[in-house]
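Structure first, commentary second.
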Amino acid sequence: MSGLNETPRGERLHIGIFGRMGAGKSSLLNAITGQDIAVVSPIKGTTTDPVSKAMEILPMGPVLFIDTAGIDDHSELGGLRVNKTKEVLRKTDVALLVVDAQEGLADEDKRLIEIFKDTSVKYLIVYNKSDLIRDVLSGHAPSDELCVSCMTGENIELLKNKLAEMGKNKNEDSRLVSDIISRGDVVVLVVPIDKAAPKGRLILPQQQVIRDILDTGAIAIVTRDNEFRETLKGLKSPPRLVITDSQVFGKVSQETPDNVALTSFSILMARHKGVLESAVHGAKAIDGIHDGDKILISEGCTHHRQCEDIGTVKLPKMLEKYTGAKPVYEFSSGGGFPDDLSGFKLVIHCGGCMLNRREMLYRERLARESNIPMTNYGVAMSYMQGILDRCVAGLVSFPAINN
């Protein structure tokens, strides 16, 4: 859980550092950050699992660096490490391919470049150890190449500036609420306080929505579901929008006037991550669930499961009550997500507040290419309660499909 004054991981520019063993990936990470974050050794293969570090670095701002293992480790254990490296690519906004300037591009490097291109990842080839060799590149260096020296610091600042330019406006098309409300609008947020809520804190999507409302110049009113009705009565005029936790959709929907827009934190987060429209389409698959069908319920965080956890308890109960069926559930959390979705009838994902947009789009694309419908906690719950049309009105570019 991110602190109140920290940029969440899912909103940071994800910079993956890739390359062969001994190219100087860890040295480059330390040079960029000015800290000894990664272990540096003359022995090749020192980095085993990916090393992540969230930082604020000018001129880039909030970033998440991910240092990966060498892509040329062909041992049995190395194969597992390379798979971890490939997983990092799913969430990489900008990739740095570190190449030993004395050795030049190898076949493994060239294959990585093709992967970057195939997955539309912005990348920069960084020739390290330029202090040991001159004329690394003949003539004028292409725009996707740069020579640096981690030893002398040559071109490290230039590298930072290039990264800042490459990562600019990465979320310019992803909004929470700022584009559907105006300055002075009143927005009521319904926040149940239950066992899953961290003591003394709001969960991350609630924090983010409140900040977006305040940045817009609108007015945020936060209340529990038990006081929601009284909160509405105390307002001189109806609010512009009500945003609720999906777990109390039914109660809040009944108490929200028909002329007031209603949605949930989970639905807004799905739109923010670029997967709302597919989630709305995917909700239709709930009607086709039968006994024994496999359903994957996936969360992007790794919080401790409570006795009334929404993903493992409340959502399955609601599904079984709505469908009258007894499906078989599998659960994933954090960075874990099956590469093979065959055999599943449906994927239901959380809002993805702890995952960046690229990772969520990867998961949505994997499901789509596997012909497996994928929906979202809030979308699924509103669909099963017959209020999906209302909850996504104005948020998707086509009419909703509820019942």
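The values are calculated or read from the model by the stated rules, or taken from the named source; none is laboratory data. From a predicted model like this one, the values you see are computed outputs, not experimental measurements. Heads up, the Cβs are rebuilt from the backbone with ideal geometry, glycines too, and the neighbour counts pull from every protein chain shown.
Would you check if residue 29 is closer than 19 Å to residue 70 by Cα and modelled with pLDDT of 80 or more? So residue 29 fits the description; yes.
Condition check ((1) within 30 Å of residue 363 (Cβ to Cβ); (2) buried (at least 21 other Cβ atoms within 10 Å of the Cβ); (3) among the basic types (Lys, Arg)) across all residues:
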site: 205; (1), (2), (3): yes, yes, no
site: 213; (1), (2), (3): yes, yes, no
site: 251; (1), (2), (3): no, no, yes
site: 263; (1), (2), (3): yes, yes, no
site: 273; (1), (2), (3): yes, yes, yes
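In this entry, residue 237 passes the filter for residues that are surrounded by fewer than 24 Cβ atoms within 10 Å (Cβ to Cβ), in a loop (DSSP other than H, G, I, E, B) and not acidic (Asp, Glu).
Does residue 149 fit the bill of being modelled with pLDDT of 85 or more and small (Gly, Ala, Ser)?
yes
Given the criterion assigned to a loop (DSSP other than H, G, I, E, B), surrounded by fewer than 16 Cβ atoms within 10 Å (Cβ to Cβ) and at pLDDT below 90, identify the matching residue among 183, 175. Of 183, 175, the one residue that is assigned to a loop (DSSP other than H, G, I, E, B), surrounded by fewer than 16 Cβ atoms within 10 Å (Cβ to Cβ) and at pLDDT below 90 is 175. Total residues in the stretch 57-86 satisfying the condition of being at pLDDT 80 or above and either assigned by TED's automatic domain parsing to the domain that holds residue 357 or not in a loop (DSSP other than H, G, I, E, B) (or both): the figure is 8.
Taken over the stretch 275-285, residues that are surrounded by fewer than 24 Cβ atoms within 10 Å (Cβ to Cβ) and in a loop (DSSP other than H, G, I, E, B) amount to 0.
Among the residues examined, residue 221 does not qualify as at pLDDT 90 or above and assigned to a loop (DSSP other than H, G, I, E, B). Only residues that are surrounded by fewer than 24 Cβ atoms within 10 Å (Cβ to Cβ) and in contact (Cβ under 8 Å) with a residue 40 or more places away in the chain were counted across the stretch 368-387, and they come to 5.
Sub-8 Å Cβ pairs linking a first residue in the stretch 13-24 that is closer than 12 Å to residue 104 by Cα to a second residue that is crowded, with 24+ Cβ neighbours inside 10 Å and basic (Lys, Arg), at least 6 apart or interchain, are 19/25, ordered by first then second residue. Every condition in (1) in a helix (DSSP H, G or I); (2) more than 21 Å from residue 54 (Cβ to Cβ) holds for residue 104 except the one numbered (1). Residue count for the stretch 275-303 under the criterion of being farther than 22 Å from residue 345 by Cα and in contact (Cβ under 8 Å) with a residue 40 or more places away in the chain: the result is 2.
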